[in-house]
Structure formats: structure tokens, C-alpha cells
1. Is it the case that the range 363-374 has a residue that's of a type outside the set (A, V, I, L, M), closer than 29 Å to ALA261 by Cβ and at pLDDT 95 or above?
2. Specify which of the listed residues (ALA137, ALA111, ALA154) is in a strand (DSSP E or B), surrounded by fewer than 24 Cβ atoms within 10 Å (Cβ to Cβ) and among the small types (Gly, Ala, Ser).
3. Cβ contacts < 8 Å: first residue more than 30 Å from ARG326 (Cβ to Cβ), restricted to the range 344-373; second residue among the aliphatic types (A, V, I, L, M), any location; separation 6+ or different chain. Result?
4. Could you tell me which of the residues THR439, THR420 is within 21 Å of PRO359 (Cβ to Cβ), surrounded by fewer than 18 Cβ atoms within 10 Å (Cβ to Cβ) and free of Cβ contacts under 8 Å to residues at least 24 places away in the same chain?
5. Can you tell me which residues in the range 499-517 are at pLDDT 95 or above and either of a type in the set (Phe, Trp, Tyr) or under 16 Å from ALA419 (Cβ atoms) (or both)?
6. Do we have PHE169 as under 21 Å from the mean Cα position of the chain (by Cα), farther than 30 Å from ALA275 by Cβ, at pLDDT 95 or above and part of a strand (DSSP E or B) here?
Amino acid sequence: MGNGAKRMLKPASLFTDGAVLCRRKEIRVFGEAADGNEVCVRLTAADGRLLAEGCALAAGGRFEACLAPQEAQDGCTLEIRAGGEHATARDIAIGEVFLAGGQSNMELALANADGGPERIREHRDPLLRFFNVPKMARVCPEQQEAVDAARWEAVSPGRGGENSAVAYFFACRLRAAEPELPVGMIDCYWGGTSITCWLEESVLETSEEGRRYLKEYAEKTGGITLETYLKEEKTFFETLDAWNRQVDRFKQSHPGADWNAVTEACGPCPWNPPAGPGSPYRPAGLAEPMVHAAAPATLTGILWYQGEEDADKTDRYDELMILLIRRWRELFRDPELPFLFVQLPMWVDFGKEDTFRWPALRLQQAAVRDAVPGTGMVCLLDQGEYGNIHPTNKKPVGDRLYELAAEMLYGGGEISPRATGVRMEGDTALVALSAPVETRDGQAPRLLEIAGEDGAFRPAEGWPEDGCLKIRNPEIRRPVSVRYAWTDYSDQVNLFGKNGLPLEPFRLETKEKRRDG
């Protein structure tokens, strides 16, 4: 930065040394500058050639300059000048930039994932870089300081253990597919958060479900001051941190212990965060302090893994998710921004009965994929862990997100087969599929159910034939509905595509049922 009595020019931390800029799209460079100053941005190649330049007038203490689209490369330099001040960022790469968002299963760190510690010790890749948006729940001086201090970091031995394991495994597949292509991952997530935490209050107010979340939280926290909340928050995190340290010690002394053994030794997770005006779990709580810290960066796409927190809270997750996609596309200035998300895997807590809330939310997620162009979903029906909502096997998640990205953006990816419709032949439902399926274990298909006119679902037999899945129960002469994997948790999934990916869960109704209903 140039000398001066008062320094006003401050590029966003996304545009400091080691940054990854998005290829083949207009590149937006932004930050702070004195009002009225002309801010000029120059991007030069490794050999000194001028690649692009753009200028903009600062207003409201902010500037945003745009650069022409560029092809993938590295070793570039970004120079920003305004009113006699200048800032220079070196080792700039141009490639693919994805934002990874959601809650705890996106947040789960590479250091805690299967195979993660070995990767951390050995992996060096200067063209794979992460930027972690600071986890701050309130706009305040401390939040601004944390955002200003955040930096890109390339993958290197001994570093990056805090990065999202899902985002890491996704990025590794992309790097392996195109070794000359730089990849930048912007991590922006917080465990335990509802989807409503990531939307501004004004946006939530436009939705009936959003208004309901806001009203219920206001009724729950009415009269609680920020001071009281912060005291309760401190006590909560002290308790949680102590429990996490105990778990870490147990895992170190008992390698390979399953989650049941962990909780028997350490007790259940003391997850009871306080509610109040400063909580990260409040509706609209993280939109400004976290999402706005990254916007309006130019992105290749968004990865999203969330829904666990909302499964018991809403029957309209699809409405909220469509709202999120629309709003984030606005924030990141791309109405067609690819949005790749994860369907909830299998899970039920120890000793708990099936709520059937998770299969309902899975279908709401699938409905979003079907309704909103430019979106895609990966199926994890064969994943999940009994009693553990945070399975550590995150490589399949990252791998499937990569295959989805390949299918949506690059061509040739492998995705799960899914049901596309149903018709009746006598007492047999013929479910049309996007691709043929087979049973992995050679046994009959499991988790199939069929219902007659009374609406009561009963177990059904099924068999793949002629590209369809045929389903029947001899006791039901006039079926009107069929469904597959309607359960929070089961380890009996055995229907897979020829590519080894699980058949998506489904619930379908015949024309007769739709007409009657």
C-alpha cells in the first residue's frame, strides 16, 4: 500500500496475495476507497503482459471494478490504484472458484475426516487454494478485523486441516481431472445452522415460511439482551469445547472407535446453544457478517450441504431453498450460477424411532432440483451412520459433487439414476427410470412400498425389468402410490445404477390418485 496520512484504499481480502479469480467470466474486484476517487485495477500475466484493466468511482466508501474474462493461468499480478494510493497482490491464479456453504457436514474439517490427517501431512498443491470466511455472527469491529485478516492459502504439508473435507475432496477431483487448472474454494459455513440463517431478514419477510421462522424466534427470545446472550454463549461454548477435547483424547487412545463407543465414554454432545439477539443460529444471523463478506465475488458455482437442522422445523424446505438460490444468485450477480447440493443421507439417533422427517426433506430437496434450472443434487442414500449425524467418510460426498459438476459443467460425469414417472399395469406399478438399476448384493430390491386407495403403505416386492422398476403387493389390487426408502435411516439400500451410484429415493402417485386428489 502506498504511503499517506490516511489510507482509504483497502481491497477486499479475497484480492490479496495468492487469490484465485474465476476464469471465463467478468471478474469483479471490490473493496473500500474514499468517495469520489477513481479506482483503477490492472491484471498482468506472469510475463508482464497486460491482461485486463478496469476503473470505477468509489461511492459510499466502496468500489467495484470489472475486468474482462480470462483463461486459466497462474503467476499473475493484480494492481489497484486510487488517489495516490496503491495495493499490489501477487501470485494471482485464474481458474475455477466455488463457494462451499451449509452446516456441519460441509463444515467437518479435513483434519477430522477419514484419510484427512494423511493428506494434511503429505499433500502439496500450489494451484489448490482455500479462503475461509471467518465465522462471525455479528457485524462488529472484531468481525471486520477477522475478515480483513483472512487470506488465501494453498494446500501444503502440515496446513489446511481446518478446511472443509467435502470441499477438499471435491477440489482434488477437479484438480486431478484438469492438472493445469487452478481451483479456489471459498469456505462459508457454520454447523447447526438453519437455511434461514443465511438469508437477510428482508428476504425472509417475502416468504410465508421465512416469516414463520422469524416470528417463532422472536417469541422465543423476546426480552433477552445481547449482554445476557453473550454470557450464555460463553458458558455454552466452554462446555462444548471441553466435551470436544474429551472426545479427541478418547479417539486418540481408541483408534477406530465408532460413535456409539465415543458417546458411551464421553456422554452425548452437549448441544444446547442459547438463543438470543447475537446467536449465529438466529434467522438472518449470518447473511451479512459472512455471505456479504464474500459477495459479489465471481464464482464458477456453489456447493451446498445443509438441511439437517430444518428437517424437524418445516414442511416447506423447498420454498426456503429456492429463496436461498435466488438470493445468492442475486448477491453473486449471476442469474444462472450453478448450484450443486447434497441430498440428506441416512441418519437416526441412537435408540430413537423413525420420524419420517428426513425422507420428506430429501424429496423436497429433489423437488428444488427439478424446479430450478441450473441446479443439481447428489444422492447419499447409501451413506450415513447410525447414531452419528456427522459421518467422517467425506470423500464419497466430494467425489459425487465432482461427478455432478462434471455432468453439469464439463460433460461426462456420473450421477445417480432417479425415478421419472409411474404407470400401472393391473396390480403392478411400473416406475420409469433415468437409467437402469440393479441390486448390488444380488438380492431382491428392498425398501419398496406400495399403497392402495386407503393410502396405507405396505412393503412391496420389486424387480428391475426393461429399464423400469416394477413394484407390487399381491394384496393391493389397485395401487395408487409407490415409494422407495421412506425412512430416516436404513442400512438395507441395495438398488444402484450400473455406475455404482444409488437410486434416488422417490414417492410417486398414479394418474388415478392425482385425479382423485
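The values are calculated or read from the model by the stated rules, or taken from the named source; none is laboratory data. Quick caveat: nothing in here was measured; it's all calculated off a predicted structure. Cβ coordinates were reconstructed from backbone atoms using ideal geometry, including for glycine residues, and neighbour counts include every protein chain displayed.
1. Initially, the range 363-374 is screened for residues of a type outside the set (A, V, I, L, M), giving 364-365, 369-370, 373-374.
So of that shortlist, the ones also closer than 29 Å to ALA261 by Cβ come out as none.
No, that holds for no residue.
2. Details: ALA137 fails: in a strand (DSSP E or B); ALA111 fails: in a strand (DSSP E or B).
Result of the check over ALA137, ALA111, ALA154: ALA154.
3. ASP349/ILE389; ASP354/VAL348
4. Details: THR439 fails: free of Cβ contacts under 8 Å to residues at least 24 places away in the same chain.
So the residue among THR439, THR420 that is within 21 Å of PRO359 (Cβ to Cβ), surrounded by fewer than 18 Cβ atoms within 10 Å (Cβ to Cβ) and free of Cβ contacts under 8 Å to residues at least 24 places away in the same chain is THR420.
5. Looking only at the range 499-517, we keep the residues that are at pLDDT 95 or above, and these are 499-508.
Correct list: LEU501, PRO502, LEU503, GLU504, PRO505, PHE506, ARG507, LEU508.
6. Numbers: under 21 Å from the mean Cα position of the chain (by Cα): yes; farther than 30 Å from ALA275 by Cβ: yes; at pLDDT 95 or above: yes; part of a strand (DSSP E or B): no.
For PHE169, the condition - under 21 Å from the mean Cα position of the chain (by Cα), farther than 30 Å from ALA275 by Cβ, at pLDDT 95 or above and part of a strand (DSSP E or B) - is not met.
Yes or no, residue by residue, for (1) touching a His at 6+ places or on another chain (Cβ under 6 Å); (2) closer than 19 Å to PRO182 by Cα; (3) in the same structural domain as PRO280 (by TED's automatic domain parsing):
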site: ASN112; (1), (2), (3): no, no, yes
site: GLY116; (1), (2), (3): no, no, yes
site: PRO126; (1), (2), (3): no, yes, yes
site: ARG129; (1), (2), (3): no, yes, yes
site: PRO134; (1), (2), (3): no, no, yes
site: VAL155; (1), (2), (3): yes, yes, yes
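Table: residues versus (1) surrounded by 18 or more Cβ atoms within 10 Å (Cβ to Cβ); (2) of a type in the set (S, T, N, Q); (3) outside any strand (DSSP E or B).
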| residue | (1), (2), (3) |
| --- | --- |
| GLY48 | no, no, yes |
| PHE63 | yes, no, no |
| LEU78 | yes, no, no |
| HIS86 | no, no, no |
